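Quick notes on the structure that follows.
The values are calculated or read from the model by the stated rules, or taken from the named source; none is laboratory data. Source: prediction; values computed, not measured. Ideal geometry is used to build each Cβ from the backbone, glycine not excepted, and the neighbour counts take in all protein chains shown.
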Amino acid sequence: MLRSLFSTIMTSAPKRVPIPKNGVDYRGKVVLAPMVRSGELPSRLMALKYGADLVWGPETVDRAMIGTTRRINPFTSTIEYTRIPSNIANNPSLSEPERTSLANVIFRIDPAREYKRLIFQMGTASPARAVEAGHIIGADVAGIDVNAGCPKPFSTSGGMGAALLRTPDLLCSILESLVREVGSKYEIGISVKIRILETPELTASLVRRLCQTGITGLTVHCRTTPMRPRERAIRDQLCMVGTICRDHGVACLANGDVEGRDHALELAKEFDVDGAMIATAAERNPSIFRADVDGGPAPWTTVVPEYVQCALEVHNRWNNTKYLLSNMIPGKDAAYKKMSASKCYSDLVQVLGLENLKELAAEVDERLGISNKANINKGTAAAAAPSGAPAVEKAKKANPSAKAAGGEPILPHKDAPKQEAREAKPPAATTAATALDPTLSINTEQLQPPAQSFLDTNNAPTPAPMRQSVSA
Ligand SMILES: Cc1cc2nc3c(=O)[nH]c(=O)nc-3n(C[C@H](O)[C@H](O)[C@H](O)COP(=O)(O)O)c2cc1C
């Protein structure tokens with residue numbers, strides 16, 4: 001009797017691919033999509049702050065990771081994978097510390113706030129290179145996802161991204177190699193992100209094969225490769241993909257035109273999949289991860305100051321911050337024009353009226369070597385933030401573990417010549433960072449609207465409370 005009950009339970013229990021110790025289950029999750037440029041660290045941290053359960057890093061090509069140096073930034077306590085451009089590496093007039101200070105950051109992680117919540121997305125068309133890159137990043141992330149959906153020529157021309165949908169043997173071989181050699185070693189999950197194919201039969205056949213590679217999760221972008229982002233997502237195949245994944249014990253996330261947390265959960269229920277992934281809506285406003293019951297999305301007037309503070313805390317690349325702000329601030333608002341005209345963080349916080357961030361902005365401009373670009377109060381940024389300014393010293397003192405953890409210090413800007421060159425030629429792929437130091441962590445409650453703020457002109461509603469917990 002007991003045996004037959006046990007056997008009934010066993011046969012009716014849904015099949016589940018085991019989730020490795022350091023990995024995460026994608027089931028029940030609403031996640032931030034991988035986005036080149038728009039998925040840098042401040043965007044990921046904002047998404048997490050507002051309730052994203054997991055965040056994907058922007059696609060980073062295997063070759064870009066191979067040969068990087070891992071170090072800890074002593075000012076932000078972030079893990080950085082850096083590469084010194086060859087013209088700098090081979091420049092005999094530069095000292096070793098000078099070269100180090102000019103390294104490009106290829107990928108940056110906040111080991112505290114992204115702990116167990118960051119999935120690294122890889123662009124690859126080679127099992128061997130995927131494994132090599134996987135060994136570099138494996139110990140710092142909760143999972144590795146293979147991009148098999150990007151239709152852009154820079155990806156497909158190398159056989160990566162959506163081109164892999166046409167070479168399923170290669171795609172399966174990449175996934176199997178990663179599962180066997182990287183996933184098992186670092187005890188993390190391997191997953192894949194695909195697009196739907198032209199017919200349900202083709203999609204089904206591909207998904208069945210992918211589910212047999214040992215992956216723990218699969219995201220399906222409900223558009224075909226030729227479809228443009230403005231075309232509405234097609235969800236006709238979603239239920240079928242979810243069923244095949246479930247039959248194999250693989251978690252399935254839906255992607256395409258998902259507008260926020262509540263919408264994501266509705267879709268997951270309607271199409272019987274495990275969760276959903278959001279890109280464009282989160283790029284516009286990362287607070288869309290907050291459920292209506294917790295206050296729903298915050299207005300841009302709330303999100304923008306928070307984002308700026310976050311970008312400053314992690315020393316995000318200036319051009320990237322501006323790009324993200326151009327997505328968040330409505331083009332018709334006066335703040336958009338002011339933001340566009342600003343040349344560095346000091347300009348930005350001044351035109352946005354974020355007086356409380358002035359000192360930090362000056363320090364970060366100095367670190368990034370852009371303080372001389374300021375339109376406003378030209379010259380005062382550097383004066384306001386001499387090397388060894390209090391907040392920077394505080395960050396260094398508060399993070400003795402940074403050095404102990406094996407990181408090489410990043411030199412302050414005063415020791416770094418040719419910063420102009422660095423600005424003029426931004427890194428090919430950059431991902432941002434954040435601080436372990438609680439005094440530098442995002443705390444929107446501490447963000448007081450300044451006396452003469454751009455917020456004043458917009459009748460910004462009172463921000464609703466943050467969603468603090470992460471759903472299981
Ligand atoms: C700015 C931007 C960058 C993107 N970069 C990537 C990427 O690096 N890897 C990837 O798999 N998809 C990338 N995508 C596609 C998104 O992850 C997502 O599949 C697509 O935008 C559909 O989701 P949405 O309708 O929520 O925008 C990108 C999309 C955008 C808008």
Just give me the residues in region 264-301 being within 20 Å of Trp56 (Cβ to Cβ) and aliphatic (A, V, I, L, M), in sequence order.
Ala264, Leu265, Leu267, Ala268, Val273, Ala276, Met277, Ile278, Ala279, Ala281, Ala282, Ile288
Under the condition of being over 24 Å from Arg317 (Cβ atoms) and of a type in the set (D, E, K, R), which residue from region 103-131 is farthest from the chain's Cα centre (by Cα)?
Arg129
For Met227, are the conditions met, namely being surrounded by 24 or more Cβ atoms within 10 Å (Cβ to Cβ), in the same structural domain as Asn255 (by TED's automatic domain parsing) and not hydroxyl-bearing (Ser, Thr, Tyr)?
no
Taking region 115-149 and the residues there that are out of contact with any strand residue (DSSP E or B) (no Cβ under 7 Å at 6 or more places or on another chain) and part of a loop (DSSP other than H, G, I, E, B), the one that is nearest to Val182 (Cα to Cα) would be Ser126
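Tell me which residues, restricted to region 10-38, are of a type in the set (Gly, Ala, Ser), surrounded by fewer than 24 Cβ atoms within 10 Å (Cβ to Cβ) and within 16 Å of the ligand (Cβ to nearest atom).
Result: Ser38, single match.
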Determine which single condition Tyr50 fails, assuming it passes every other condition in (1) surrounded by 21 or more Cβ atoms within 10 Å (Cβ to Cβ); (2) touching a strand residue (DSSP E or B) at 6+ places or on another chain (Cβ under 7 Å); (3) modelled with pLDDT of 95 or more; (4) not small (Gly, Ala, Ser).
(2)
Among the numbered conditions (1) within 16 Å of the ligand (Cβ to nearest atom); (2) within 22 Å of Pro42 (Cβ to Cβ), tell me where Asn104 comes up short.
(1)
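Output the helices (runs of 4 or more DSSP H) that fall wholly within region 303-401 and possess 2 or more residues being modelled with pLDDT of 95 or more and of a type outside the set (Val, Ile, Thr), or say none. If you could, list the steps in order and put the result at the bottom.
Details: elements: 318-328, 334-341, 345-351, 358-368, 380-384, 390-398.
Helices (runs of 4 or more DSSP H) meeting the threshold: 318-328, 334-341, 345-351, 358-368.
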Among the residues of region 217-272, which ones are among the basic types (Lys, Arg) and away from the ligand (no atom under 12 Å from the Cβ)?
Arg246, Arg261, Lys269
Among (1) out of contact with any Lys or Arg (no Cβ under 8 Å at 6 or more places or on another chain); (2) closer than 21 Å to Gly28 by Cβ, the one test that Pro200 misses:
(2)
Matching residues, region 236-258, being surrounded by 18 or more Cβ atoms within 10 Å (Cβ to Cβ) and in a loop (DSSP other than H, G, I, E, B)
Gln237, Val250, Gly256, Asp257, Val258
Between a residue in region 160-179 that is on the phi > 0 side of the Ramachandran plot and any residue that is among the hydrophobic types (A, V, I, L, M, F, W, C) and crowded, with 21+ Cβ neighbours inside 10 Å, which pairs come within a Cβ distance under 8 Å, given they are 6 or more apart or on different chains?
Gly161/Ala148; Gly161/Cys150
